[in-house]
Amino acid sequence: MQLITQYIEQHKQRLLDELFDLLRFQSVSADPKYKQDILKTADFVAEKLRDAGAQNVEVCQTAGNPIVYGEKMIDASKPTVLVYGHYDVQPPDPLELWKTPPFEPTIRNGKIYARGACDDKGQFYMHVKAFELMVQTGTLPCNIKFMIEGEEEVGSSNLGIFVNQNKSRLKADVVLISDTSMISMEHPSLETGLRGLSYVEVEVTGPNRDLHSGVYGGAVANPATILAKMIASMHDENNHITIPGFYNNVIDLTTEERKALNNAPYDEDEYKKDLGVDELWGEKGYTTFERTGTRPTLEVNGIWGGYTGEGAKTVLPSAARAKISMRLVPNQGFEEVTKLFTDHFEKIAPRSVKVKITPHHGGEPAVTPTDSIAYRAAQKAIKESFGKEPIPTRGGGSIPIVALFEAELGIKTVLMGFGLDSDALHSPNEKYDIFNYYKGIETIPLFHKYFAELNRD
Ligand code: BES
Ligand code: MN
Ligand code: MN
């Protein structure tokens, strides 16, 4: 442990400077105009892996954004850890709400502000630097493989193909990912599950052109009103989702599991205060942890139509649109839920409009074991660096590759994230605490150490 903290102390500034270089790349995967930045970021990650001591480093081309691979195989008889992360980031919009520009990392109050600071550049880069540390101090205890992709924020569709075509190259005993949150630094935790996702876009069309709302309003259905009604009808008075069959395969947690989950520290007043809301909302009969971690949900991610510019324009829009996503829990399947949604949305549409549904990406839910050697290694590592036993939690977000790794390669994952829900992932002013960054670099070598040790026992 002392060796680790000493190394971090000695290289403190450089470890931070390199992360800043990484954060300056505008690697937004959702918008093709950033393609050149994406390619440059992949090259940068490859170079940094090589510098840290990785071999067989390759920027692997796919039909989409490249995947960066690298490895260091020290001994075939030792276990292998596959580190996964993503170098792509969410769009920085709305730009005007950033206090400092999203791609000019800035420190305020000990926190790094930049798009991707936490999700996931700040987090996967800890692994690159922890690896460098282990190589430089001669303490790498197991084989290590890196797979850092560039399409996580848009559904990882090409990664599935890559994983399928590279099964032997990716062979490992465990997948290690830092792309999730902890409860807080005082209450370190390990996520033991992720929700799945089904993302669709809907279009409701009425008249063949925008109309004068005085001349035609009241006689022709307004697609915006109809869409709003259709969306509103998808939750009942208890905030249950009304799509028939939606809950069919949902596995209810046992009383013990619910109890354990709700044991984690939670301050409702703090939670509300942080978000600026006076009251919480959600499915009746469930706590906040249950609502976000173990229950499926449906959210409107965007809704538009008609005139949204400056001033007023009296128009009855020809069409209205929305982006809608559903978070899924075990044992729901994303293809199946997408079909249930599509059928339902078509069925509830009145004859006064036409609807079109376009599925986007999706991913299956996943739970990670808590009785494995790898999970115990993560527990021991966190206990040692934080001085506290980590609390198991269920995360509300999605990382589609986790279920895919298990299905394609039969490998389970450990989610050892160091972010905080308050880090504003996907929001303006995303941040990552410098403390968390160094803490991660400190904890990761301990994971490898205990993983190798426990495998020997
Ligand atoms: N790192 C997040 C997922 C996450 C965040 C998990 C916080 C647990 C806690 C990831 O980058 C992400 O944002 N995933 C997307 C899914 C993807 C298919 C667009 C998500 O959850 O919306
Ligand atoms: Mn992420
Ligand atoms: Mn994300």
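The values are calculated or read from the model by the stated rules, or taken from the named source; none is laboratory data. As the structure is a prediction and not an experimental result, all values here were calculated from the model. Positions of Cβ are generated from backbone atoms using ideal geometry, with glycine treated the same way; all protein chains shown enter the neighbour counts. All accessible areas refer to the heavy atoms of the entire protein, side chains included, with ligands and DNA or RNA removed. Shrake-Rupley method; radii C 1.70, N 1.55, O 1.52, S 1.80 Å.
I'd like the residue in the range 201-213 that is in contact with a strand residue (DSSP E or B) (Cβ under 9 Å, 6 or more places away or on another chain) and under 11 Å from ALA319 (Cβ atoms) and, out of all such residues, is most open to solvent (accessible area, probe 1.4 Å).
ASP210
Checking SER189 against (1) surrounded by fewer than 17 Cβ atoms within 10 Å (Cβ to Cβ); (2) of a type in the set (S, T, N, Q); (3) outside the structural domain of GLY302 (by TED's automatic domain parsing), only one condition comes out false. Which one?
Answer for SER189: the failing condition is (1).
From VAL367, VAL353, which residue is open to solvent by 60 Å² or more (accessible area, probe 1.4 Å) and not hydroxyl-bearing (Ser, Thr, Tyr)? Full working, then the answer.
Numbers: VAL353 fails: open to solvent by 60 Å² or more (accessible area, probe 1.4 Å).
Result: VAL367 is the single residue among VAL367, VAL353 that is open to solvent by 60 Å² or more (accessible area, probe 1.4 Å) and not hydroxyl-bearing (Ser, Thr, Tyr).
Residue-by-condition table, conditions (1) among the basic types (Lys, Arg); (2) open to solvent by less than 60 Å² (accessible area, probe 1.4 Å); (3) more than 20 Å from SER422 (Cα to Cα):
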| site | (1), (2), (3) |
| --- | --- |
| VAL215 | no, no, yes |
| LYS229 | yes, no, yes |
| GLY245 | no, yes, yes |
| ASN263 | no, no, yes |
| GLU268 | no, no, no |
| LEU275 | no, no, no |
| ARG291 | yes, yes, no |
| GLU299 | no, no, no |
| GLY302 | no, yes, yes |
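Can you tell me which residues in the range 409-438 are free of Cβ contacts under 8 Å to residues at least 24 places away in the same chain and either surrounded by 19 or more Cβ atoms within 10 Å (Cβ to Cβ) or away from ligand 2 (no atom under 15 Å from the Cβ) (or both)?
Listed by number, the list holds a single entry, GLY410.
So, ILE373, is that one away from ligand 3 (no atom under 16 Å from the Cβ), open to solvent by 10 Å² or more (accessible area, probe 1.4 Å), touching a helix residue (DSSP H, G or I) at 6+ places or on another chain (Cβ under 6 Å) and not acidic (Asp, Glu) or not?
It is true that ILE373 is away from ligand 3 (no atom under 16 Å from the Cβ), open to solvent by 10 Å² or more (accessible area, probe 1.4 Å), touching a helix residue (DSSP H, G or I) at 6+ places or on another chain (Cβ under 6 Å) and not acidic (Asp, Glu).
Return yes when SER398 is without any contact (Cβ under 8 Å) to a residue 12 or more places away in the chain, in the same structural domain as PRO101 (by TED's automatic domain parsing), open to solvent by 20 Å² or more (accessible area, probe 1.4 Å) and closer than 30 Å to LYS99 by Cα and no when it is not. Give the steps one after another, and end with the answer.
Working: without any contact (Cβ under 8 Å) to a residue 12 or more places away in the chain: no; in the same structural domain as PRO101 (by TED's automatic domain parsing): yes; open to solvent by 20 Å² or more (accessible area, probe 1.4 Å): yes; closer than 30 Å to LYS99 by Cα: yes.
Taking the combined requirement at face value, the residue does not satisfy it.
Given the options LYS111, LYS171, LYS121, LYS129, name the one that is away from ligand 1 (no atom under 13 Å from the Cβ), open to solvent by less than 10 Å² (accessible area, probe 1.4 Å) and either out of contact with any helix residue (DSSP H, G or I) (no Cβ under 7 Å at 6 or more places or on another chain) or in contact (Cβ under 8 Å) with a residue 24 or more places away in the chain (or both).
From the options LYS111, LYS171, LYS121, LYS129, the qualifying one is LYS129.
I'd like the full set of residues that are in contact with a Ser or Thr (Cβ under 8 Å, 6 or more places away or on another chain) and not in a loop (DSSP other than H, G, I, E, B), limited to the range 218-230.
Residues satisfying the conditions are VAL220, PRO223, ILE226.
Report, by residue number, each residue of the range 247-257 that is open to solvent by 80 Å² or more (accessible area, probe 1.4 Å) and either over 18 Å from GLY193 (Cα atoms) or among the charged types (D, E, K, R) (or both).
Of everything in the range 247-257, those that are open to solvent by 80 Å² or more (accessible area, probe 1.4 Å) and either over 18 Å from GLY193 (Cα atoms) or among the charged types (D, E, K, R) (or both) turn out to be ASN248, ASP252, GLU256, GLU257.
Checking HIS361 against (1) modelled with pLDDT of 95 or more; (2) touching a Ser or Thr at 6+ places or on another chain (Cβ under 8 Å), only one condition comes out false. Which one?
Among (1) modelled with pLDDT of 95 or more; (2) touching a Ser or Thr at 6+ places or on another chain (Cβ under 8 Å), HIS361 violates only (1).
Do you know which of the residues in the range 191-217 that are in a loop (DSSP other than H, G, I, E, B) and under 22 Å from ILE401 (Cα atoms) is nearest to the chain's Cα centre (by Cα)?
The first filter runs over the range 191-217 and keeps only residues in a loop (DSSP other than H, G, I, E, B), leaving 192, 195, 206-210, 213-216.
Among the residues that remain, those that are also under 22 Å from ILE401 (Cα atoms) are: 192, 195.
On the way: THR192: 14, ARG195: 10 Å.
Once the filter is applied, the top-ranked residue is ARG195.
Just checking, which of GLY64, GLY70 is assigned by TED's automatic domain parsing to the domain that holds LYS439, part of a strand (DSSP E or B) and surrounded by 16 or more Cβ atoms within 10 Å (Cβ to Cβ)?
Only one candidate passes the filter, namely GLY70.
Filter the range 132-156 down to the residues that are at positive phi and buried (at least 24 other Cβ atoms within 10 Å of the Cβ) and list them by number. Steps first, answer last, please.
Taking the range 132-156 as the starting set, the residues that turn out to be at positive phi are 138, 155-156.
Within the range 132-156, SER156 is the sole residue that qualifies.
Given the criteria in contact (Cβ under 8 Å) with a residue 12 or more places away in the chain, more than 22 Å from ALA30 (Cβ to Cβ) and over 24 Å from the mean Cα position of the chain (by Cα), does ILE373 qualify?
Numbers: in contact (Cβ under 8 Å) with a residue 12 or more places away in the chain: yes; more than 22 Å from ALA30 (Cβ to Cβ): yes; over 24 Å from the mean Cα position of the chain (by Cα): yes.
Yes.
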